[in-house]
1. Report, for the stretch 179-334, the % of DSSP beta bridges that are antiparallel, rounded to 5.
2. Quick one: dipole size for the stretch 106-160, taken about the Cα centre, charges +1 on Lys/Arg Cβ and -1 on Asp/Glu Cβ, in debye to the nearest 20.
3. For the stretch 238-314, with every protein chain kept in place, what is the accessible area per residue (1.4 Å probe, Å²)?
4. Suppose every K and R has +1 on its Cβ and every D and E has -1 on its Cβ; what is the size of the dipole of the stretch 179-251 about the Cα centre, in Debye to the nearest 20?
5. List the chymotrypsin sites (Phe, Trp or Tyr not before Pro) within the stretch 233-320 that fall in a DSSP loop (any state other than H, G, I, E or B) and whose Cβ has at most 12 other Cβ atoms within 10 Å.
6. Treating only the Cβ atoms of Lys and Arg (+1) and Asp and Glu (-1) as charged, compute the dipole magnitude of the stretch 106-244 about its Cα centre; round to the nearest 20 debye.
7. Is the C-alpha gyration tensor of the stretch 269-334 telling us rounded, prolate or oblate? Criteria: a/c under 1.5 is rounded; beyond that, a/b larger than b/c is prolate, otherwise oblate.
8. Rounded to the nearest Å, what's the spacing between the alpha carbon centres of the stretch 239-265 and the stretch 117-171? Just the number, please.
Amino acid sequence: MAAAFALLVTGGCSTEQPEPEEPGAAADGAGGGTTPPEEPADEPGEEPTGSPPSAPETPEETADEPLSADDVDRTVAVRAVRHLAGRIGPREATGEAYARAARWVSAELSRLGYEVEQQRVDVPAGESWGVAVPAGRSVNVVATPPGFDPTEPHLVVGAHLDTVPQAPGAEDNASGVGAMLSVAEAASQRTTRLPTVYVAFGAEEPRGAPEDHHYGSRRYVAAMQPAERRAVRAMVSLDRVGVGDRVPVGSAYDTDPVQQALLAAARRAGAATVAEGGQRSSDHWSFVRAGLPGARLGSTPYAGYHSAGDVPAVVSAAQLERVGRIVAAWLAPR
């Protein structure tokens, strides 16, 4: 099944250059390429991945049932990667393509019943991976469940939506956005241990010096009132989550409770992982540096990083499913 679903990506989101992948390291059908290949046929009996997901069950049937890893539908993530990287393409944070992507993600989350707003993010001019980029406005797409109170305990799941200018950004980071949407869909029909906010962050990619990045998540954290900060129990950033056959679980330091909770959730979900320390090159770092708990899923090196080769064929649907299952197990009541 993995081969039939293998698809997707371009690009990365870390400000660090990953080491080249060893020959044969791509798993579950992941591979490189400079142009998007034809989309593979769907497996018999499965919903076509290029079509909208089927209508959710009625609230009366599912609203009181707890979320489970088995509720995640990976075709939601596959569809998002194909749309964002295969149709929209490069999404520099201040450009029209990014605005188009933000509108699409907003519509997807609204369709699931979340209350969605776009939070303004002002971004400076700079140089993004060798390409000059202008100053301008980006947005964070913020989705909350109906009746959400930001001063009450809650969780945050985020994924950056922007790319460097030259990359379609399938792996970096349509994969993270797609995995987030698959979890958001499953959670919209079930109960979670705490209310959960879903955020597609703008302007994560670097714009020059080491601190010239993560503008969207820094804006999100800066806008929170003290009571809202105290209410955040944990944040997880999904960043480059569609390559490989084990899911990296990263902590900003050697280890932390959020990382350990994600590793435990992965064991419950039956997903293979690798623990990483010193991981600060994603939006969770904006939370951690402000004293809030956070961790990252994703970061496997791949050949198409920050290049035109970050197309949907790079991404593995099986890896997207592993990540969705981990996050769902982490959100699930216990």
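The values are calculated or read from the model by the stated rules, or taken from the named source; none is laboratory data. Since this is a predicted model, take the numbers as computed values, not measurements. Here Cβ is always computed from backbone atoms with ideal geometry, including for glycine, and neighbour counts include all displayed protein chains. Areas reflect the complete protein model, heavy atoms only, side chains present, ligands, DNA and RNA absent. Shrake-Rupley method; radii C 1.70, N 1.55, O 1.52, S 1.80 Å.
1. Numbers: 2 of 10 bridges.
Taking every DSSP beta bridge within the stretch 179-334, about 20 percent pair in antiparallel fashion.
2. Values: 3 positive and 7 negative charges, 37 e Å.
Value, rounded to 20: 180 debye.
3. Values: 2450 Å² over 77 residues.
Here the per-residue accessible area is 32 Å².
4. Details: 10 positive and 8 negative charges, 76 e Å.
Value, rounded to 20: 360 debye.
5. Values: sites: TYR253, TRP285, PHE287, TYR302, TYR305; in loops: TYR253, TYR302, TYR305.
Passing sites in the stretch 233-320 are TYR253.
6. On the way: 12 positive and 17 negative charges, 76 e Å.
Roughly 360 debye, rounded to the nearest 20.
7. Values: a/c = 2.30, a/b = 1.19, b/c = 1.93.
It comes out oblate by the Cα gyration axes.
8. That distance is 21 Å.
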